Every structure is written in structure tokens, then in C-alpha cells.
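In what follows, a single structure is set out as C-alpha cells and then discussed.
The values are calculated or read from the model by the stated rules, or taken from the named source; none is laboratory data. Quantities reported herein were computed from a predicted structural model and do not represent experimental measurements. Please note: Cβ atoms are built from the backbone with ideal geometry, for glycine as well, and neighbour counts cover all protein chains shown.
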């Protein structure tokens with residue numbers, strides 16, 4: 001069956017997650033449900049932190065938000081596009097253009113200069129060498145690392161590496177920057193500098209940033225805190241945005257009924273629950 | 001992501017692991033260099049052999065020999081069976097538009113000569129004036145045997161430069177001197193013969209050529225004892241009519257050698273040997289003799305090709321092994337690349353390109369090494385040559401193909417890695 005072009009719905013939310021369930025199959029009869037149906041929205045330009053202890057489902061959620069993985073069921077709209085049913089190739093393109101990853105361990109490609117590292121996502125996006133170089137230099141300027149552009153990763157300090165990684169994350173001007181414990185491997189002083197950089201990007205460039213952390217102090221600096229535990233959202237500091245806008249509700253309902261007709265009634269319930277809370 | 005970037009990436013990776021990459025390439029290097037070496041050597045030897053045959057009167061020289069028939073009734077060769085002056089003249093006249101010259105030797109006598117109380121072996125050969133063209137001799141001083149010497153049956157001789165130096169002190173000093181020889185034998189019929197030295201020939205065979213000729217049964221070392229006298233004189237000494245066991249016919253260059261040789265052979269057999277109960281004529285061309293060298297070369301090439309093939313196979317497996325190690329080592333990098341949006345195809349191409357680059361560099365080193373080794377051997381033989389361009393291109397292409405073939409499996413493994421698992425890999 002040929003896949004039709006995904007339908008794009010513009011609603012002001014960068015992330016719209018509806019009833020995200022993730023199960024892992026460990027042998028045929030055993031299945032392990034990690035995420036039990038999470039729903040939340042992130043509007044454009046928000047700096048949101050997702051907080052949870054290890055084992056809470058944080059990493060699994062991050063993998064789904066980052067389009068590294070697909071939910072078992074539920075719908076995930078990224079910048080108005082349903083990515084929950086995308087194939088591997090489409091997910092690659094989504095990761096490339098829509099998501100900027102910042103990892104705890106920086107994950108710069110070794111033996112490759114800072115500049116080339118920043119160019120990498122643009123290389124996969126098919127930009128010309130000149131476009132890549134110009135844009136990469138611009139980005140290194142933003143993260144104040146221009147003087148280190150020719151350095152190899154092993155010649156850089158942790159804080160410097162993370163700034164290069166942030167520049168790389170912004171290379172293709174993604175819809176969201178997804179930062180997984182970005183200060184986890186840094187001392188408090190350099191960690192502070194990295195957080196300040198995120199604030200600057202958020203403030204000056206209007207970037208949507210999703211910060212995944214177990215550090216409540218860092219989370220407190222952000223616009224909004226979503227706390228998860230045992231695969232459920234247990235608190236959200238900004239619940240007004242949890243509800244799907246009407247146009248997306250209809251789309252989600254239609255899709256859900258196509259997928260699993262028995263669950264057709266889930267939308268009113270969810271809305272009711274959200275209203276009642 | 002373009003191929004160029006992949007190439008740069010691969011080269012950087014190979015540079016970072018120089019020793020490992022070199023060891024990985026070793027199988028390819030050995031395989032390709034043996035192919036190139038044998039090709040270079042075979043070109044050198046072919047050129048060398050052609051050179052040798054050229055100095056033997058070239059490929060236009062055809063030897064006609066007396067051959068015993070299958071249903072022969074006699075063992076002994078009688079004078080009637082041999083090539084007579086009549087036959088020689090008949091060929092020269094009848095085939096004058098096809099035959100350049102005829103050379104022959106009418107027989108030999110083993111003798112000794114004494115100088116300063118040392119005894120030396122000499123062998124007298126009765127020859128005609130064309131004999132010199134057949135062998136790799138130059139006249140260093142004086143002249144060779146002439147028609148007029150032969151007509152007169154003159155007591156003149158042409159000796160080698162070595163003999164001239166040993167017996168008379170110098171090449172030019174030998175001219176006009178008298179060479180006195182004693183026929184070997186039981187002594188009762190020993191003859192003492194005197195010849196005037198009219199010419200000195202230069203013995204100009206290098207060690208390798210001599211070795212190669214010895215390998216096919218030509219004892220070059222014995223030649224420097226040869227002394228040439230007019231064939232008519234030899235006939236008189238041996239007390240026989242003008243007969244010889246063979247003649248060498250030099251066909252005019254450019255003609256179909258086999259065609260002319262067959263024509264002459266058929267003519268001789270029909271005209272002179274139809275009634276002969278035991279003998280007829282056959283011919284040998286230089287080409288037939290050269291094919292023996294080709295056969296030897298072919299056998300050696302075949303053996304080396306098998307060795308090269310095995311080496312390339314093992315080398316290819318080595319490359320596959322190291323690529324698998326490389327994929328495992330770089331699992332995390334693969335995960336990061338995938339997180340940054342690299343599609344599976346980009347990862348696959350990256351590793352295939354790396355494998356191809358390793359094999360291509362190995363192939364290039366092998367080609368250079370092969371040319372080097374081949375020509376070092378060539379210097380010993382006294383002739384250098386380059387391998388065939390087609391073999392170089394083929395070797396290069398084959399190295400790339402090995403890289404692609406043995407790189408595909410590891411590259412595909414890398415491409416199929418799960419990004420989440422890879423990012424978690426320590």
C-alpha cells in the first residue's frame with residue numbers, strides 16, 4: 001500500500017501528544033508497558049522541562065519525542081505532522097530537520113573538527129558545502145565558539161563540547177531542541193553557562209526547547225515543568241495546553257477510529273478529564 | 001551527503017588507524033603485487049626471449065632437418081639422405097623471391113691446441129659465409145669466412161675473442177697468425193692442421209641469456225671454443241662429399257614464415273625424398289621454439305594467479321573482519337549520526353566507501369610494489385618493462401570490487417543498527 005503524503009495541521013503547537021503508549025515485548029506473552037497513555041502539548045517558543053526519576057519512562061518518552069522511536073499506540077504530532085506512523089526513512093528526515101538533539105555526553109563525532117560537527121546535520125540535509133560552512137560559522141558565533149572551529153573534540157573541554165553540540169542541534173533550524181540532561185556531565189559552573197545559553201536561545205531566537213532532567217532546580221528555571229513517574233504524567237505546571245485544539249481533535253478522532261474502532265470514545269473522556277482537573 | 005565527504009571521512013579514519021589499516025591491506029597488497037609482478041616479469045622475459053631469437057637470425061629463420069620416417073627401414077643416415085649442394089642451390093634459385101639466405105655447417109672436428117704449455121680444446125666447424133648472421137656474433141677484427149674462401153677450400157679460420165686473447169695476447173694481434181691444432185683421437189690418425197687467422201668474432205652473450213639458453217639445451221659456454229673454417233675445407237678434412245645434416249633458411253622478413261617453410265618442405269620431400277625409404281624433411285621455426293618459453297611462463301603465471309587469488313580472497317575476508325570491528329567500535333557514532341538525521345543508506349555508503357578506499361589504497365600500493373619488484377628482477381636480467389595497462393586497470397578495479405563486496409555486509413549491519421541502542425552503547 002502506498003503511503004499518502006502526511007496531512008499537516010497547523011495549530012500553534014509544536015508538540016501534540018495524544019495517549020502515547022509504549023510497550024516492549026519481552027518474549028511472546030510478556031509485554032512491558034512503559035508509557036501508559038501520555039497526553040500533552042507544547043506551544044511554539046516554550047521552554048519546557050520534563051522531570052522524572054530514572055525508570056519513570058523519561059528516556060522512552062524522549063525517544064518518541066525525538067522521533068527515534070514510534071509509540072505503540074497514540075498519536076504524536078510534531079509541528080502539525082503526524083509522525084507516529086512514519087517509517088524509518090521518514091523518521092530520519094524528521095530527526096534531521098525538526099529535531100536538534102543535545103546529549104548528556106555531547107556525542108560529538110571524534111576526529112572531526114568542531115565546524116564539521118556542526119555541518120553534519122546540514123550534510124545529511126543535502127546543503128551545499130558553502131551553505132553549510134556559512135551557516136556553521138554563524139552558529140559557532142552564536143554559541144561563542146568561533147575561535148575553536150578548527151579544533152577536534154578531544155581538544156575541547158566539556159562545556160565547549162556541549163556548546164558545539166548545541167550549535168549542531170540548531171543547524172537545520174529545528175522545530176524543537178531536545179536536550180537530554182545537557183548539564184549532567186558538567187561541573188556546576190560550566191553547567192550554568194550551558195543553561196544560560198539555552199535561556200539565550202529561547203529568549204533571543206524564540207526556540208522551543210524540551211529539557212529532560214532529574215534536576216528540579218534546573219527545571220524550575222523553565223517556563224513549564226512536566227513531571228512524570230511510572231509512565232504517567234503526575235503533574236504539569238501549565239495544564240491549559242494539554243487539550244488538543246478542535247481541528248486536531250477531529251483529525252485524531254478520525255484516525256483513532258480507523259486504527260481501533262473500539263476506542264472511538266476516548267476523545268470526549270480525555271477532554272472531560274482535562275476540563276475537570 | 002556526497003561521496004567526496006565520505007572519501008575524506010574514510011581517509012581520516014584510515015589515517016587514525018595507520019597500522020591496523022596497513023595490516024588489513026596486506027592481503028590485497030600481496031595479491032595485487034604478485035599479479036603485477038608476474039605480468040611485469042613475463043613482459044620482461046618475453047622481450048628478452050624475443051631479443052635472443054632476434055640475435056639468432058630473428059623469427060624469420062627456419063631450420064630444415066633430416067627426419068627419420070615412421071616406417072624407416074634403415075637406422076644409419078647415408079650421404080644420399082643428406083642435404084647436398086644441389087639441394088641448397090635449388091632452394092636458393094627456386095625460392096629466390098622468398099629466401100634471403102641459407103646457412104649451414106657441414107660438420108665438426110674436436111681438436112686441441114697448445115699455447116705457453118697449456119692445452120686448450122677447440123672445435124672446428126665447417127661453415128658458409130652466412131653462418132655468422134645466424135648467431136649472436138659480431139666480427140671484432142678482420143673478417144668472417146667468405147665465398148672465395150669456400151671456393152678455394154682455403155686453410156683460414158675465424159676464432160673467438162677469448163681464444164685470441166689466450167693464444168695470441170690480443171684481438172688484433174691474432175690476425176695473420178697461424179693456429180695449429182691437433183685432432184683428438186686415439187693418436188694413430190692424429191692430424192696436425194694449420195690455419196691462418198683471418199678474423200676474430202666477439203662472444204657477446206650475457207649470463208642470464210646463457211642461463212636461459214642452457215635451460216633449453218644450448219650450451220653457450222662451449223661456444224667460445226668454436227673455430228670456424230670454410231665448409232669445403234671441412235669436407236676435405238673429413239674426406240666426404242658436400243653434404244650436411246641440416247640447413248637453416250632465412251626467409252625474407254614480412255613473408256608468411258610457416259607458409260614458405262611448408263612450401264619448401266613439400267617441394268624437397270616431393271622432389272628429393274619421394275623415393276627415400278627412411279628419411280624425409282621437417283622444419284622448425286623460432287616461433288615453435290619460443291612457444292616453449294611461453295609454456296613455461298604460462299605455467300608460472302598460472303601458479304602465481306592461484307596464489308594471488310587466494311591472497312585476495314583472504315585479504316577480502318580480512319577487510320570484512322576489520323570493517324565489522326570498526327562498525328562495533330563506532331556503534332555510538334552511528335547512533336549519533338542517525339539521531340542527527342542520517343538515513344540508513346548514508347551509513348551504508350559511508351562504510352562501503354571506507355572499505356573500498358582501504359582496498360583501493362591496498363591495490364595501488366600493490367601495483368607500485370609489483371612494478372618495483374618486477375623491475376628489480378628486470379635489472380638483474382638486464383631489461384626493464386612496465387606491466388600491461390589493462391592489467392593495472394583490472395587490478396585497480398578488482399581491488400575496488402573486493403572492497404565493495406566484502407564491505408557490504410559490515411556496512412549493512414551498521415545501517416540496520418537501532419539508533420536508541422547505538423546511542424546507549426558504551
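Would you confirm whether or not segment B:298-315 contains a residue that is within 14 Å of chain A (Cβ to nearest Cβ) and in contact (Cβ under 8 Å) with a residue 40 or more places away in the chain?
Within segment B:298-315, none of the residues are within 14 Å of chain A (Cβ to nearest Cβ) and in contact (Cβ under 8 Å) with a residue 40 or more places away in the chain.
One residue is enough: does segment B:35-50 have a residue meeting the conditions surrounded by fewer than 20 Cβ atoms within 10 Å (Cβ to Cβ) and part of a loop (DSSP other than H, G, I, E, B)?
No, segment B:35-50 has no match at all.
Take segment B:255-272 and flag every residue that is free of Cβ contacts under 8 Å to residues at least 12 places away in the same chain and not in a helix (DSSP H, G or I).
B:256
I need the full set of residues from segment B:87-120 which are exposed (fewer than 14 other Cβ atoms within 10 Å of the Cβ) and either outside the structural domain of residue B:164 (by TED's automatic domain parsing) or on the phi > 0 side of the Ramachandran plot (or both), in order please.
B:116, B:117
Yes/no per residue for (1) within 14 Å of chain A (Cβ to nearest Cβ); (2) part of a helix (DSSP H, G or I); (3) free of Cβ contacts under 8 Å to residues at least 24 places away in the same chain; (4) crowded, with 16+ Cβ neighbours inside 10 Å:
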position: B:348; (1), (2), (3), (4): yes, yes, no, yes
position: B:356; (1), (2), (3), (4): no, yes, no, yes
position: B:361; (1), (2), (3), (4): no, yes, no, yes
position: B:365; (1), (2), (3), (4): no, yes, no, yes
position: B:370; (1), (2), (3), (4): no, yes, no, yes
position: B:394; (1), (2), (3), (4): no, yes, yes, no
position: B:405; (1), (2), (3), (4): no, yes, no, yes
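Based on what the data block shows, is residue A:165 in contact with a strand residue (DSSP E or B) (Cβ under 7 Å, 6 or more places away or on another chain), closer than 21 Å to residue A:95 by Cα and either in a helix (DSSP H, G or I) or more than 14 Å from chain B (Cβ to nearest Cβ) (or both)? Spell out the reasoning first.
Working: in contact with a strand residue (DSSP E or B) (Cβ under 7 Å, 6 or more places away or on another chain): yes; closer than 21 Å to residue A:95 by Cα: yes; either in a helix (DSSP H, G or I) or more than 14 Å from chain B (Cβ to nearest Cβ) (or both): yes.
Against the criterion (in contact with a strand residue (DSSP E or B) (Cβ under 7 Å, 6 or more places away or on another chain), closer than 21 Å to residue A:95 by Cα and either in a helix (DSSP H, G or I) or more than 14 Å from chain B (Cβ to nearest Cβ) (or both)), residue A:165 qualifies.
Report, by residue number, each residue of segment A:209-233 that is within 16 Å of the chain's Cα centre (by Cα) and either without any contact (Cβ under 8 Å) to a residue 60 or more places away in the chain or surrounded by 22 or more Cβ atoms within 10 Å (Cβ to Cβ) (or both).
A:209, A:210, A:211, A:212, A:213, A:222, A:226, A:228
Residues that are farther than 30 Å from residue B:76 by Cα and either free of Cβ contacts under 8 Å to residues at least 24 places away in the same chain or in a strand (DSSP E or B) (or both): does segment B:275-285 have at least one?
no
Does segment A:115-126 contain at least one residue that is within 19 Å of residue A:212 (Cβ to Cβ), part of a helix (DSSP H, G or I) and within 13 Å of chain B (Cβ to nearest Cβ)?
No, there is no match, as no residue in segment A:115-126 is within 19 Å of residue A:212 (Cβ to Cβ), part of a helix (DSSP H, G or I) and within 13 Å of chain B (Cβ to nearest Cβ).
Residues in segment A:93-114 that are surrounded by fewer than 19 Cβ atoms within 10 Å (Cβ to Cβ), within 8 Å of chain B (Cβ to nearest Cβ) and either assigned to a strand (DSSP E or B) or in contact (Cβ under 8 Å) with a residue 60 or more places away in the chain (or both): how many?
The qualifying residues number 1.
What number of residues in segment B:410-420 are surrounded by fewer than 16 Cβ atoms within 10 Å (Cβ to Cβ) and more than 10 Å from every other protein chain (Cβ to nearest Cβ)?
Counting residues in segment B:410-420 that are surrounded by fewer than 16 Cβ atoms within 10 Å (Cβ to Cβ) and more than 10 Å from every other protein chain (Cβ to nearest Cβ) gives 1.
Here is a check on your reading of the model: is residue B:378 away from every other protein chain (no Cβ under 14 Å), assigned to a helix (DSSP H, G or I) and farther than 22 Å from residue B:28 by Cα?
yes
Out of B:401, B:385, I need the residue that is surrounded by fewer than 21 Cβ atoms within 10 Å (Cβ to Cβ) and part of a loop (DSSP other than H, G, I, E, B). Which one?
B:385
Restricting to segment B:141-166, give me the number of residues that are assigned to a loop (DSSP other than H, G, I, E, B) and at pLDDT 85 or above.
6
In segment A:69-92, which residues are over 20 Å from residue A:44 (Cα atoms) and crowded, with 22+ Cβ neighbours inside 10 Å?
Correct list: A:71, A:74, A:92.
Is it fair to say residue B:341 is more than 14 Å from every other protein chain (Cβ to nearest Cβ), more than 22 Å from the chain's Cα centre (by Cα), at pLDDT 90 or above and buried (at least 21 other Cβ atoms within 10 Å of the Cβ)? Spell out how you get there, then give the answer.
Details: more than 14 Å from every other protein chain (Cβ to nearest Cβ): no; more than 22 Å from the chain's Cα centre (by Cα): yes; at pLDDT 90 or above: yes; buried (at least 21 other Cβ atoms within 10 Å of the Cβ): yes.
For residue B:341, the condition - more than 14 Å from every other protein chain (Cβ to nearest Cβ), more than 22 Å from the chain's Cα centre (by Cα), at pLDDT 90 or above and buried (at least 21 other Cβ atoms within 10 Å of the Cβ) - is not met.
Mind counting the residues in segment B:26-70 that are free of Cβ contacts under 8 Å to residues at least 60 places away in the same chain and over 20 Å from the mean Cα position of the chain (by Cα)? First the steps, then the outcome.
Narrowing segment B:26-70 to residues free of Cβ contacts under 8 Å to residues at least 60 places away in the same chain: B:54, B:70.
Next cut, over 20 Å from the mean Cα position of the chain (by Cα) only: B:70.
Looking only at that region, the number is 1.
Residues being facing another protein chain (nearest Cβ under 9 Å) and touching a helix residue (DSSP H, G or I) at 6+ places or on another chain (Cβ under 9 Å): count how many of those fall in segment B:9-31.
3
Only one of these is touching a helix residue (DSSP H, G or I) at 6+ places or on another chain (Cβ under 6 Å) and under 30 Å from residue B:33 (Cβ atoms): B:335, B:374, B:382. Name it.
Sole residue among the options that is touching a helix residue (DSSP H, G or I) at 6+ places or on another chain (Cβ under 6 Å) and under 30 Å from residue B:33 (Cβ atoms): B:374.
Answer with yes or no whether residue A:173 is free of Cβ contacts under 8 Å to residues at least 24 places away in the same chain, within 29 Å of residue B:342 (Cβ to Cβ) and touching a strand residue (DSSP E or B) at 6+ places or on another chain (Cβ under 9 Å). Quick ask: steps written out before the conclusion?
On the way: free of Cβ contacts under 8 Å to residues at least 24 places away in the same chain: yes; within 29 Å of residue B:342 (Cβ to Cβ): yes; touching a strand residue (DSSP E or B) at 6+ places or on another chain (Cβ under 9 Å): yes.
It is true that residue A:173 is free of Cβ contacts under 8 Å to residues at least 24 places away in the same chain, within 29 Å of residue B:342 (Cβ to Cβ) and touching a strand residue (DSSP E or B) at 6+ places or on another chain (Cβ under 9 Å).
If you go through segment A:67-80 one residue at a time, do you hit one that is within 14 Å of another protein chain (Cβ to nearest Cβ) and assigned to a strand (DSSP E or B)?
Keep residues of segment A:67-80 that are within 14 Å of another protein chain (Cβ to nearest Cβ), which gives A:67-71, A:78.
Then drop every residue that is not assigned to a strand (DSSP E or B), which leaves A:78.
For segment A:67-80, residues within 14 Å of another protein chain (Cβ to nearest Cβ) and assigned to a strand (DSSP E or B): present.
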